Amino acid sequence: MLKLAKPWWAWTVLAVFLAAFVTACAPKTLPSPKVQSLPSQFPYNVNDKGLAIAVVPFDGQRDVYADPANPRPVKPDFDWLKAGVRPTRIILANDSPQAVLVDPSQVTCIDNQGVVHQAYTTREAVNAVVASQAFGAHVRSGLRRGLAGAALGAGVGAALGSVSSYRGYAAAGAAAGAAWGGALGGVQGLVVGTAQTRAELESRVRRLIEGKQLPETVLSPGMTREGLVFFPAVPMKAVRLVLATPDRQATWTVEIEVSLP
């Protein structure tokens, strides 16, 4: 009796099933331990009557989450400054006796000429990154080197997560890598400029930025909080925060001096 060969789609279904089975049985990666950072650990910090604040601006040489005591941190592959954006980490610890309202819309930076710059909105930061020549060059370089979408995404997210190594790339931590990996797997479509791929990319970038942004919050005594604001890539000599009581009836200003080209 003749044996009929299985149709091609049957082999495809079997291959997909086996791949899913192997993935399900693979050992899960444990999350990296999270160490709470204190503002006093960082070079640019102040203590205003018990409210400690540190700012960590992206300088092109290190991840903003790198250990400040490490003299030789891994240099990120993607330079946010060339995309016109400077992600800046804000770290707060309230050891004062009163609650403090922190509003990210009231965080600004001052350039070397004394001009005050507001932070970008999510949409503005996303548009600046995806439209920049730096991002286009990053993607094209990754394609030439045969890097997977996850590695490309991790390279861009390296300013926004703990640094680790992925095939020689300065890769972001799990959150940033996961957010970017799926978006850039179809990066060939981005290069030829298809509208659908670009819209998906912008959506992924937006989720990354929104997930890391400093939220508006009331910081009760004993609480800590941190997040990012996205400034224009201008020379920076100070970061200014206008803080308030929870009822917004009283405000005061704190400035942290920095020195960045």
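Taking neighbour Cβ counts within 10 Å as the exposure measure, how do E210, E226 sort from fewest upward?
Details: E210 13, E226 17.
Going from sparsest to densest Cβ surroundings: E210, E226.
Straight distance only, please: which aspartates and glutamates reach the Cα of K49 with their own Cα at less than 16 Å, same-chain residues fewer than 8 apart left out?
D95, E255
Per-residue HN-Hα couplings for segment 249-258, Karplus 6.51 cos²θ - 1.76 cosθ + 1.60 at θ = phi - 60°, whole Hz, x for Gly and Pro?
Whole-Hz 3J(HN,Hα) from phi for segment 249-258: 7, 9, 10, 8, 10, 10, 10, 10, 6, 9.
What does the charge count around A238 come to, taking other residues whose C-beta lies under 12 Å from its C-beta (Lys +1, Arg +1, Asp -1, Glu -1)?
Residues close to A238 contribute a combined charge of -1.
In whole Hz and in residue order, list the ³J(HN,Hα) couplings for segment 223-231 that follow from phi through the Karplus curve 6.51 cos²θ - 1.76 cosθ + 1.60, θ = phi - 60°; x for Gly and Pro.
My calculation for segment 223-231 gives 8, 10, 7, 8, x, 10, 10, 10, 8 Hz in order.
Kindly put D111, D95 in sequence by how many other C-beta atoms sit within 10 Å of each C-beta, fewest to most.
By the 10 Å Cβ count, ascending, the order reads D95, D111.
Kindly write out, for segment 47-55 in residue order, the coupling ³J(HN,Hα) from the Karplus curve 6.51 cos²θ - 1.76 cosθ + 1.60 (θ = phi - 60°), rounded to whole Hz, with x marking Gly and Pro.
Per-residue couplings from phi come out as 10, 9, 6, x, 8, 8, 9, 10, 10 Hz.
Taking a quarter of the surface of the Cα convex hull of segment 218-261, what do you get in nm²?
4.1 nm²
If you count, for each residue, the other Cβ atoms within 10 Å and average over each peptide, how do 96-106, 52-62 line up from highest to lowest?
Peptide ranking by packing, descending: 52-62, 96-106.
Tell me whether segment 28-97 comes out rounded, prolate or oblate; compute the Cα gyration tensor, take square roots of the eigenvalues as a ≥ b ≥ c, and use a/c under 1.5 as the rounded threshold.
Details: a/c = 2.16, a/b = 1.37, b/c = 1.58.
Because a/c hits 1.5 or more and a/b fails to exceed b/c, segment 28-97 counts as oblate.
Between A244 and Q41, take the C-beta separation as r, use R0 = 41 Å, and let me know the FRET efficiency to the nearest 0.05.
Plugging the Cβ-Cβ distance into 1/(1 + (r/R0)^6) gives 0.95.
Restricting everything to alpha-carbon atoms, can you work out Rg to Rh for segment 55-144 with a Kirkwood hydrodynamic radius?
Numbers: Rg = 16.1 Å, Rh = 15.6 Å.
Using only Cα positions, Rg/Rh for segment 55-144 is 1.04.
Going by amide H atoms built from the backbone, whose H comes under 5 Å of the H on Q213, apart from near neighbours?
L228
A short reminder: the numbers here are calculations on the coordinates, not readings from a lab. Values in this document were obtained by computation on a predicted structure and should not be read as measured data. For neighbour counting, all protein chains shown are included, and Cβ atoms are generated from backbone atoms with ideal geometry for every residue, glycine included.
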